[in-house]
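Data first, discussion second: the structure below is written as structure tokens.
The values are calculated or read from the model by the stated rules, or taken from the named source; none is laboratory data. Everything numeric here is computed off the predicted structure, so don't read it as measured data. All Cβ positions, even for glycine, are placed from backbone atoms using ideal geometry, and neighbour counts span all protein chains on display. Note: areas computed on protein heavy atoms with side chains; ligands, DNA, RNA excluded. Shrake-Rupley method; radii C 1.70, N 1.55, O 1.52, S 1.80 Å.
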Amino acid sequence: MFKIEVYKNYIDGKWVSSNSKKTFSSLNPTNENAIGRFQLSNKRDIDLAVKSAEDSYWEWSSMPAPERAEILFEVVRLLKKDKQRLGKLETIEMGKVLKEGLGDVQEAIDIFEYMAGEGRRLFGHTTPSELKNKVAYTVRMPVGVFGLITPWNFPIAIPAWKLAPALICGNTVVFKPSSDTPLCAIELMKILEKSGLPKGVVNLITGSAKDTGEAIVKHPRIRGISFTGSKFTGEWIVKNAGLKKVGLELGGKNAIIVMDDADIEMALDGIIWGGFGTTGQRCTAASRVIAHEDIKNELNDKLISMTEKLKLGDGLKESTDIGPLVNKKAVEKTDYYVGVGKKEKAKLMCGGEQLKGKGFFYKPTIFTDVNEKMRIAKEEIFGPVVSVLSVKDIDEAIKVCNNIEYGLSSAIYTNDINKAFKAIEKIEAGLTYVNSSTIGSEVHLPFGGVKHTGHGRETGIEGLHEFSETKTVYIDYSGKLQKAQGID
Ligand code: NAD
């Protein structure tokens, strides 16, 4: 389907080669074939991209937001037109099954549409002044040049979650996608280019974490960083970004609690979807199941039998339930954690091995008899591995759920409203689902986590605040100097 083309960076409205004169490949994880070559950019390229974003800032930020919104609506139209092709490209470049690839593109459509609507709102607030003849209100201001650094697991939706609010607020952008999914980013950039976005407003640079990502984080003329990725990289960014405005969406170790009064069949569907959707490579993946001891055996038996029936394969085939992992390193990491689980004396009930032959396939894996002290119950694996723990009541379930460093998503299956509300109140996470899985957020609500999952929120109104600053305005029409706090 793809000839091995050499793709370029997009700087100041032009497709250009890197100063490094070097390129790298992106592989199809299903068959390990290269799908294109991409610029291995360096700091000089980042400098040029930042200059271009700076040069276009005045004009873009001066354009009325409803006019900027028209461009975002055009992006929506173009994404809708190209949805099938882009969804397929996701499957080819990072392996997720086609229906999930299409879902990812839909999420990008939704966020561009939502944020375009914000072009006619961008609300501040008004409030009375404590003095006569004085007006007080707030407005939203852009931040300046934003650096957007994204992972590969939602290769179109996550960039869109950042681009749409950044642009509607009037920022200009230097965007660096993951080196596992540069082609998805380039195709998204082409759509932005076609939409009529003025040159320089978005600049796309591909390349390594070291030579491009780090240069963006440390760049003195970039004012904001919006990052989605691992906790490890997030910590590095916090130490190196200086006083930039930083938003961080990091890892998770999300749990589904299943109480003894739950609808077990419904919970099982949620566990399979949460644990193995996107081959377990979602930040919101349900990698832990916390089951009430009275239903644990029934749940385990049914879960293992359902997991063994899942079909691994090419995500473009309709019969496939689970695609490959993104790359060889991800297979090695998953296998390493399976080894850890065995050493920790958790019971490996199914899976636990790589599929032989081409492609980065790993069998969906279930561990039972896991306890909260084990590493497989605490650390993010980011592969198709689900650990089942058991508890005696709702209080213990919540304590076990919270006994991790992350706090992204969570779910409880119960038919007891008291237990549901207790979980909503006490679980330390940015998202709690009741009688639904840990995955499946909607773009008009905020998304993000607590504890080491990072800070800030994406999507929804909170998502706009990540990409704008509040300015407070006072207008005194008394004709004399009035002092606040009653100073005469
Ligand atoms: P990663 O941190 O390795 O890389 C993410 C991006 O950061 C890539 O573009 C990479 O090149 C860049 N990068 C890496 N080191 C950098 C550095 N020192 N300076 C600047 N940029 C750097 O993460 P990944 O493997 O691509 O993604 C998987 C992780 O992302 C998982 O931990 C997952 O939970 C997390 N994630 C979180 C969310 C969320 O919203 N909370 C969503 C998706 C993925």
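Simple point charges give the picture: +1 on the Cβ of Lys and Arg, -1 on the Cβ of Asp and Glu, and for region 355-488 a dipole about the Cα centre of about 420 debye.
Between S319 and N133, the modelled label-to-label distance comes to 8.3 nm, taking each label 7 Å out from Cα in the direction of the beta carbon.
Residue separation times 0.36 nm, minus the C-alpha to C-alpha distance between K329 and T472: what's the value?
Numbers: separation 143, 0.36 × 143 = 51.48 nm, distance 4.88 nm.
Taking 0.36 nm per residue and subtracting the Cα distance, the gain is 46.6 nm.
Largest to smallest in accessible area, the residues S305, S26 fall in the order S305, S26 (1.4 Å probe, all protein chains included).
Note on region 1-35 and region 360-403: Cα centroid distance 38 Å, given to the nearest whole angstrom.
A simple charge model with +1 on the Cβ of Lys and Arg, -1 on the Cβ of Asp and Glu and nothing else charged puts the dipole of region 254-434 at about 940 debye relative to its Cα centre. For the chain, the residue among S390, G357, S41 whose Cα projects farthest onto the positive side of the dipole built from Cβ charges is S41.
Can you show me the helix-derived [θ] at 222 nm for the chain, built from DSSP H runs with n ≥ 4 at -39,500 (n - 2.57) apiece and divided by the number of residues, rounded to the nearest 500.
On the way: 14 runs with 177 residues, N = 488.
Mean residue ellipticity at 222 nm (helix-derived): -11500 deg cm²/dmol.
Treating each Cα of region 12-132 as an identical point scatterer and ignoring solvent, apply the Debye formula and state log10 I(q)/I(0) at q = 0.11, 0.12, 0.20 Å⁻¹. Here the Debye-derived log intensity ratios amount to -0.63, -0.73, -1.16.
Directionally averaged projected area (region 1-82, Cα convex hull): 7.5 nm².
Surface exposure of region 254-434, expressed per residue as accessible area with a 1.4 Å probe, stands at 43 Å².
For the Cα trace of region 254-434, dividing Rg by the Kirkwood Rh returns an Rg/Rh value of 0.96. Helix 157-168 and the longest principal axis of the C-alpha atoms of the chain enclose an angle of approximately 20°.
The H on the amide N of N33, modeled in the peptide plane, is under 5 Å from the matching H of N28, each at least 5 residues off or on a different chain.
Reported to the nearest whole Å, the Cα centre-to-centre distance from region 54-73 to region 318-339 is 42.
Order of 238-251, 158-171 by packing, highest average Cβ count within 10 Å first? Mind dumping the intermediate values first?
Details: 238-251: 18.1, 158-171: 27.8.
Ranked by mean Cβ neighbours within 10 Å, highest first: 158-171, 238-251.
For region 60-105, how big is the tail of P(r) above 12 Å, as a whole percent of Cα pairs? Summing the P(r) tail past 12 Å for region 60-105 gives 63 percent.
For the chain, the longest principal axis of the Cα atoms and the long axis of helix 43-62 meet at an angle of about 60 degrees. In region 254-434, with Lys and Arg counted as +1 and Asp and Glu as -1 at Cβ, which of these residues, G270, A377, N327, has the Cα nearest the positive end of the dipole, that is, farthest along it? Sorting the options by dipole projection puts first N327.
Computed over region 81-166, the percent of Cα pairs more than 19 Å apart is 54.
By how many nm would the segment from N19 to F123 grow when fully extended, if each residue of separation counts as 0.36 nm and the alpha-carbon distance is taken off?
Details: separation 104, 0.36 × 104 = 37.44 nm, distance 4.24 nm.
Length difference between fully extended and current span is 33.2 nm.
Scanning residues 5 or more positions from I257 or on other chains, those with amide H under 5 Å from its amide H are I290, A411, I412, Y413, with H placed 1.01 Å from N in the peptide plane. Pull out a ≥ b ≥ c, the square roots of the eigenvalues of the alpha-carbon gyration tensor of region 369-437, then state rounded if a/c is under 1.5, prolate if not and a/b is larger than b/c, and oblate in the remaining case. The shape class here is prolate. Let me make sure I get this right: for the chain, a, b and c are the square roots of the gyration tensor eigenvalues over alpha carbons, sorted descending. Under 1.5 in a/c it's rounded, otherwise prolate if a/b > b/c, else oblate. Which is it? Taking the square roots of the gyration eigenvalues as a ≥ b ≥ c, the chain is oblate. Helix 182-194 axis versus longest C-alpha principal axis of the chain: approximately 40°, rounded to the nearest ten.
Across the accessible surface of the chain, with the other protein chains kept in place and a 1.4 Å probe, carbon and sulfur atoms take up 52 percent. The convex hull around the C-alpha trace of region 219-331, projected and averaged over every direction, spans 10.2 square nanometres.
Using C-alpha pairs under 8 Å with a sequence gap of at least 6, the mean separation divided by the residue count of the chain gives a relative contact order of 18 percent. Put simply, when 127-135, 191-199 are sorted by average Cβ atoms within 10 angstrom per residue, most first, you get 191-199, 127-135. The Rg/Rh ratio of region 195-253, with both radii computed over alpha carbons and Rh defined as the Kirkwood radius, is 1.01. Scattering from region 140-212 was approximated by placing one identical point on each alpha carbon and applying the Debye formula without solvent; log10 I(q)/I(0) at 0.15, 0.21, 0.23, 0.24 1/Å stands at -0.45, -0.89, -1.05, -1.13. Take each peptide in 35-48, 345-358, count the other Cβ atoms within 10 Å of every residue, and average; sorted highest first, the result is 35-48, 345-358.
Residues of region 162-181 falling in the label zone of S62, defined by backbone nitrogen less than 15 Å from a point 7 Å along Cα to beta-carbon, are absent.
Dimensions of region 428-488 based on its C-alpha atoms, expressed as ranges along the principal axes with the largest first, amount to 61, 21, 20 Å. Calculated FRET efficiency, N402 to I461, Cβ-Cβ distance, R0 = 25 Å: about 0.35 to the nearest 0.05.
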